[in-house]
Amino acid sequence: MRKREPILIQMEILASLFASPKGPTRLAQACNIQYARLQNFTGPLLAKGLVESVTVDGEQRFSITDAGYKLYKDWLEIWRRLPLA
């Protein structure tokens, strides 16, 4: 089985958070990655301001930022234009 490229996992994280904010466990499940590896992918997204982490009722929640939404939208447009059929 071939590993997914990190950029594809990061875009999947943005797609999942675009749908709705999530805690780390649900985010890892939605993106089919191990919980222990989640920080490897969310760390760079947080550092670049594409994702934000807030604590709500004592629980960490991730959500997409405006910059993350713009990047995700641009990424979708690129994939739509590629002849991948």
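Between helix 6-19 and the chain there is an angle of about 70 degrees, using the helix long axis and the longest principal axis of the Cα atoms. Other residues with beta-carbon under 13 Å from the beta-carbon of Leu46 carry, at +1 per Lys or Arg and -1 per Asp or Glu, a net charge of +1. Counting only trypsin sites (Lys or Arg not before Pro) that DSSP places in a loop and that have at most 10 other Cβ atoms within 10 Å, the longest clean stretch of the chain runs over 4-85. Calculate I(q)/I(0) for the chain by the Debye formula, one identical point scatterer on each C-alpha and no solvent, and give its log10 at q = 0.11, 0.13, 0.15, 0.17 Å⁻¹ to two decimals. Reported log10 I(q)/I(0), two decimals: -0.30, -0.41, -0.54, -0.68. Our helix-only sum for the chain, with -39,500 (n - 2.57) per DSSP H run of n ≥ 4 divided by its residues, gives a mean residue ellipticity at 222 nm of -17000 deg cm²/dmol.
Readers should treat all values here as calculations from the given coordinates under stated rules, not as data from a laboratory. Values in this document were obtained by computation on a predicted structure and should not be read as measured data. Here the Cβ is made from the backbone with ideal geometry for all residues, glycine too, and neighbour counts use every protein chain on show.
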